[in-house]
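Visitor: Have a look at this one.
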Amino acid sequence: ADFDSKKKRKVAEIYQALNSDPIDVAALRRMAISEGGLLTDEIRCKVWPKLLSVNTDDLPPLPAGKELRENNKDYQQVLLDVRRSLRRFPPGMPDDQREGLQEELIDIILHVLKRNPQLHYYQGYHDIVVTFLLVVGDRLATALVEKLSTHHLRDFMDPTMDNTKHILNYLMPIIDQVNPEVHDFMQSAEVGTIFALSWLITWFGHVLSDFRHVVRLYDFFLACHPLMPIYFAAVIVLYREQEVLDCECDMASVHHLLSQIPQDLPYETLISRAGDLFVQFPPSELAREAAQQQAERTAASTFKDFELASVQQRPDTVLRQRFRERLRGEERTKSILTKPRTNRFVKLAVMGLTVALGAAALAVVKSALEWAPKFELQIFP
């Protein structure tokens with residue numbers, strides 16, 4: 001009963017934030033992060049657009065599928081991936097209903113790619129899109145996915161994997177800050193980070209079998225910094241510390257262990273922990289360890305909260321500006337590289353303070369909004 005009353009209270013707070021004028025987006029972020037996330041799909045339909053600042057009053061009609069599919073270079077690959085996506089639909093869903101949704105899924109993906117020729121389809125993208133389709137329906141999903149693809153997922157949709165690899169480079173520095181023993185073991189095993197690739201680029205949609213866990217994570221990721229999925233990946237590895245250390249120290253064994261994600265993870269605890277780690281070791285601090293030379297090239301290395309970034313800049317001017325700044329940055333990097341590793345023990349003493357997720361949630365929201373302007377780079381066009 002206590003849980004029910006807590007849930008009722010949370011629902012009331014969410015609606016209060018939605019109905020305030022202007023809408024209290026900071027409160028909605030907090031609700032999405034804190035225990036239980038946004039609770040129901042009905043609420044997600046209302047809150048997800050606010051977290052991505054998508055105007056729901058003005059959704060464009062969807063084009064007819066036929067014209068999208070003709071002469072589309074990605075159509076065959078999308079079709080293959082969507083056909084293989086059976087297990088992403090609720091078990092027991094009637095075949096004709098599922099097939100109808102799969103057709104919608106293909107159309108949404110092709111629509112977003114057609115409107116944004118700078119984006120490149122990747123395998124796993126459909127895992128993200130299907131999550132939105134199942135929660136909010138095709139029209140709203142199209143608008144949300146388009147916004148997400150030009151922001152949070154932008155790095156995965158480059159013509160090359162460089163920026164995706166760069167984001168994976170954040171994984172080991174996070175693990176190192178918290179648990180040097182696990183870090184050193186993984187380094188000795190030379191396992192690399194590819195085991196986490198499908199986690200990252202599908203926001204865990206591809207690897208978790210229970211849809212409730214997937215949407216709970218989406219609540220969290222939509223409310224946070226674009227790098228939060230990599231913090232969550234680190235937290236999963238850290239949670240499995242004992243299994244990792246008991247494993248044979250070679251690449252094949254450790255990779256095999258880590259790529260099999262346990263389905264019974266304590267999600268709320270891990271979400272809270274990922275929030276804590278983000279606050280203690282923000283990306284700006286880890287960036288110099290995560291392959292400097294690319295730090296200036298990725299959308300995630302600096303995050304200007306895009307609800308503030310209403311002014312659309314032209315990407316080519318952004319790129320030119322970024323290139324100039326990278327040259328300046330390289331000078332700066334030389335002086336930074338000689339700094340010793342942060343004293344993690346002092347850092348971890350802070351843990352107790354932020355463990356109450358309310359505090360962590362607030363801090364993550366605040367830090368996501370505050371630390372960005374300290375950088376001259378504005379990566380989100």
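All of the numbers you see were taken from the coordinates with simple rules; none came from a lab. Quick caveat, the model's predicted, so the values are computed rather than measured. We place every Cβ from the backbone using ideal geometry, glycine too, and count neighbours over all the protein chains shown.
Visitor: Between Asp246 and Gln123, what's the calculated FRET efficiency when r is the beta-carbon distance and R0 is 45 Å? Round to 0.05. Before the final figure, lay out each step's value.
Guide: Values: r = 33 Å, r/R0 = 0.72.
So, using R0 = 45 Å, E works out to roughly 0.90.
Visitor: Continuing with the same structure: For segment 161-281, taking Cα atoms only, what is the radius of gyration to one decimal and the Dmax to the nearest whole Å?
Guide: Both quantities, over Cα of segment 161-281: 13.4, 38 Å.
Visitor: Amide H of Glu289: which non-local residues (sequence gap of 5 or more, or other chain) have their own amide H closer than 5 Å, using H built in the peptide plane?
Guide: Amide H neighbours of Glu289, under 5 Å, 5+ apart: none.
Visitor: So how do 96-109, 17-30 stack up, highest first, on mean other-Cβ count within 10 Å?
Guide: 96-109, 17-30
Visitor: For segment 178-235, what is the largest minus smallest coordinate of the Cα atoms on each principal axis, given in angstrom and ordered from greatest to least?
Guide: 35, 22, 16
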